[in-house]
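Asker: Let me begin by handing over the structure; questions about it come next.
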Amino acid sequence: MSKSNTILYLDGVSVSFDGFRAINSLSLVLDKGEMRAIIGPNGAGKTTMMDIVTGKTRPDEGEVFFDGEIDLTRHDEAEIAMMGIGRKFQKPTVFESHTIEENLMLALKGPRSIFPALFHRRSVAEARQIDDILGIIRLGSRRYDLAANLSHGQKQWLEIGMLLAQDPKLLLVDEPVAGMTDAETEETARLLKDIARDHSVIVVEHDMHFVRELGVKVTCLHEGSVLSEGTLDFVSADERVVEVYLGR
Amino acid sequence: MITGRFFAAGADRRIAITIFILLAVAIVVPVLNLAVAPTSAFYIPSYIVALTGKYLCYALLALALDLVWGYCGILSLGHSAFFALGGYAMGMYLMRQIGSRGVYGNPILPDFMVFLNYKELPWFWTGFDHFWFAAIMVLAVPGLLAFIFGWFAFRSRVTGVYLSIITQAMTYALLLAFFRNDMGFGGNNGLTDFKDILGFNVQADATRSALFAASAVMLAFAVFVTWAIVGSKYGKLLMAVRDAESRTRFLGWRAENVKLFAFTVSAVMAGIAGALYVPQVGIINPGEFEPSNSIEVVIWAAVGGRGTIVGPIIGALLVNAGKSWFTGVLPELWLFALGGLFVAVTLLLPKGIIGMWDSWRGNAKALRAASVAEEAGTKVGVAEATSEPTRSPARNPGEWSWSATKPQAAE
Ligand SMILES: Nc1ncnc2c1ncn2[C@@H]1O[C@H](COP(=O)(O)OP(=O)(O)OP(=O)(O)O)[C@@H](O)[C@H]1O
Ligand SMILES: [Mg+2]
């Protein structure tokens, strides 16, 4: 398989935790500009797959390439983030003791060393970027509120907003609509489709309404490898998929 | 910008007031000691000047600890090591100032070296006859140690209890090393019998007052620096690392460098505190490296309110005043009182005195500063009101097949 024109290329990736194979020769390819939904039962290895891509977990074997040529297994979290991979955690993780604005400010693309941060002054351009993102994630009226005071769904959005501020090439979004109302879920689907217009995106989600809403190719993971791949209708008609969901 | 924020209301005003009080005290106390007749009701006796000067050094040490513990969650149990190293650097300068006035009258070698049959000054004592050199060492030695220690510890991602334990190990190792006579730092007895500092008699009232004023001014300066650091984007990052380290990493920040900078700055502050402390108490010995000293600093910061700038200062002053009083009345019970105080504060005043004060006042802005002081993992009161994640409707396998085949309204 050729790596060119792929944003993410995983081949034969395996990782074990104390003898338990969480990822089992997983191969997955994402084209540039593609959005992909990943489904799979609990413990399928979806989050672990993201851990491997973002440098949190080192694979025992296999290839992980970003942008066709960068070997991600040789880099750590901060380097990978700077190359352009952003990640939303399964459990929304924002800086609770900071305001919404400060959360976004820390995420904004820019130099990441200590001294510039120490003498940083907010520029007009930055303020405008933050305005834009606040508009997109619909938190404009909460700008100066502490992130701790946001609802669960709003924290999810703030975290997505932080990803946008980071302006990555590839976004890994782990369970973005957990804890959201139906209206919020629809809104999030719209937001992600918007983002997918100029980013590559991987979305992990259990909510099938939401996955259907996204209308993209679906990969079903099971026991650390790909069980089925195709349209949502194709995947959900796949007997093996039905089995792993029903047969437990 | 910075000055605008400095005179702003709320939490920042508290900083301005603190700095103002410290600067005023730096003037008023020496005046009341030196220029007022001892019979006057306003006279401040010299021993009080020396005692409070010592407390100010402790307050500076507590503030230094708070920068890493309160704002970055690094519970250092080795900060008295940096304090003692700064103290030793100053002590070495003071030893060299004794000159030939020592018991053995050796113009070069301090008494303990003559006693231990040193033939010449060890290489690491060179330069300490100059104040400027000693002053640089006061900053450089603790700073360098913290940098090297932190570089290894933070890079290997040692956190939490493990980090606290190795900081204790560090100060304990230094304690043992400085106890040895052949280390060249006076062994068990340390450095003492100082005569002059910058040509002034360290025992003289005027010198003591000047040292007191220097301590107050230095503390005011440290308050300002800490406030500026904490208020900068870097300061926000520092707290972000405390609250969600992995989030900062996945945003591209190097959390280890964030911690390393704060740790080094904090160690330098602790070193300065030690350097001001030594001429005021007249001695530095390995006892200052005692692991329990570092733990006491933690108690001061906790009592006053960590994650606030003013809290650790108040905590250090109150606990040490209490200690002086208590050890006068019931010396054998002091350690129990200290332990009891720590337990009581942890249970009853988790945000310390400042946090308590802020909740009383119900000042929203101040509340924010206090919430900053909370443990990274624990939730702030308001956060508890937010909903816990609910399972998405199609989480269960049965529902999955149902929802997947059901026609969607949106289609
Ligand atoms: N650091 C770790 N140490 C040990 N086991 C781990 C570790 N990380 C993941 N696992 C295990 O690997 C398996 C895959 O976990 P993972 O979190 O990737 O699943 P998931 O597909 O994201 O599930 P969910 O839908 O519940 O989020 C699980 O059995 C989990 O217990
Ligand atoms: Mg998961």
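The values are calculated or read from the model by the stated rules, or taken from the named source; none is laboratory data. Worth saying up front: this structure is predicted, and the values here are computed from it rather than measured. Ideal geometry is used to build each Cβ from the backbone, glycine not excepted, and the neighbour counts take in all protein chains shown.
Asker: For segment A:11-27, state whether one or more residues are within 16 Å of ligand 1 (Cβ to nearest atom) and within 14 Å of chain B (Cβ to nearest Cβ).
Answerer: The answer is no, given that none of the residues of segment A:11-27 is within 16 Å of ligand 1 (Cβ to nearest atom) and within 14 Å of chain B (Cβ to nearest Cβ).
Asker: Determine, yes or no, whether A:K109 is within 16 Å of ligand 2 (Cβ to nearest atom), facing chain B (nearest Cβ under 9 Å) and in a loop (DSSP other than H, G, I, E, B).
Answerer: Values: within 16 Å of ligand 2 (Cβ to nearest atom): no; facing chain B (nearest Cβ under 9 Å): yes; in a loop (DSSP other than H, G, I, E, B): yes.
No: the conditions fail for A:K109.
Asker: To continue, here is another question. Which pairs turn up if I take residues in segment A:175-189 that are more than 22 Å from A:M49 (Cβ to Cβ) and look for partners that are of a type in the set (A, V, I, L, M) with beta carbon separation below 6 Å, at least 6 apart in sequence or on another chain?
Answerer: A:T185/A:V177
Asker: What's the number of the only condition in (1) over 26 Å from the mean Cα position of the chain (by Cα); (2) in a helix (DSSP H, G or I) that B:A62 fails to meet?
Answerer: It fails just one condition, (1).
Asker: Could you list, in sequence order, all residues of segment B:279-309 that are in a helix (DSSP H, G or I) and buried (at least 24 other Cβ atoms within 10 Å of the Cβ)?
Answerer: B:P279, B:E288, B:F289, B:S294, B:V297, B:W300, B:A301, B:A302, B:V303, B:G304, listed by residue number.
Asker: In the list B:F128, B:F179, B:F194, B:F154, which residue meets the criterion of being closer than 30 Å to B:E256 by Cα and surrounded by 15 or more Cβ atoms within 10 Å (Cβ to Cβ)?
Answerer: Checking each option against the conditions leaves just B:F154.
Asker: Being assigned to a strand (DSSP E or B), of a type in the set (F, W, Y) and under 30 Å from A:D233 (Cα atoms), is that true of even one residue in segment A:8-17?
Answerer: Within segment A:8-17 (the criterion being assigned to a strand (DSSP E or B), of a type in the set (F, W, Y) and under 30 Å from A:D233 (Cα atoms)), the answer is yes, since at least one residue qualifies.
Asker: Hey, could you check segment A:80-96 for residues that are within 16 Å of ligand 1 (Cβ to nearest atom) and charged (D, E, K, R) and say which is farthest from the other protein chains (Cβ to nearest Cβ)?
Answerer: Looking at residues that are within 16 Å of ligand 1 (Cβ to nearest atom) and charged (D, E, K, R), I get A:K88.
Asker: Considering (1) within 16 Å of ligand 2 (Cβ to nearest atom); (2) more than 21 Å from A:D167 (Cα to Cα); (3) part of a loop (DSSP other than H, G, I, E, B), say which one A:L26 fails and leave the rest.
Answerer: Checking A:L26 against (1) within 16 Å of ligand 2 (Cβ to nearest atom); (2) more than 21 Å from A:D167 (Cα to Cα); (3) part of a loop (DSSP other than H, G, I, E, B), the one that fails is (3).
Asker: Being of a type outside the set (D, E, K, R), away from ligand 1 (no atom under 15 Å from the Cβ), within 29 Å of A:L106 (Cα to Cα) and more than 16 Å from the chain's Cα centre (by Cα) narrows it down to one residue among A:T73, A:T6; which is it?
Answerer: A:T73
Asker: Being crowded, with 22+ Cβ neighbours inside 10 Å and within 13 Å of ligand 1 (Cβ to nearest atom) is the filter here; which residues of segment A:28-53 pass it?
Answerer: Scanning segment A:28-53 gives A:I38, A:I39, A:G40, A:A44, A:G45, A:K46, A:M49, A:M50, A:I52, A:V53.
Asker: When residues of segment A:29-64 are filtered for being over 23 Å from A:A78 (Cβ atoms) and away from ligand 2 (no atom under 16 Å from the Cβ), how many remain?
Answerer: 7
Asker: Yes or no: B:K351 farther than 27 Å from B:A84 by Cα, more than 20 Å from the chain's Cα centre (by Cα) and at pLDDT below 95?
Answerer: Values: farther than 27 Å from B:A84 by Cα: yes; more than 20 Å from the chain's Cα centre (by Cα): no; at pLDDT below 95: yes.
Taking the combined requirement at face value, the residue does not satisfy it.
Asker: Residues that are within 12 Å of another protein chain (Cβ to nearest Cβ) and either more than 16 Å from ligand 1 (Cβ to nearest atom) or farther than 25 Å from A:D11 by Cα (or both), at least 1 per element: which strands (runs of 3 or more DSSP E) completely within segment A:149-248 meet that?
Answerer: Per the criteria, A:170-174.
Asker: Residues in segment B:231-244: is at least one aliphatic (A, V, I, L, M), farther than 24 Å from A:M105 by Cα, out of contact with any strand residue (DSSP E or B) (no Cβ under 6 Å at 6 or more places or on another chain) and in contact (Cβ under 8 Å) with a residue 60 or more places away in the chain?
Answerer: no
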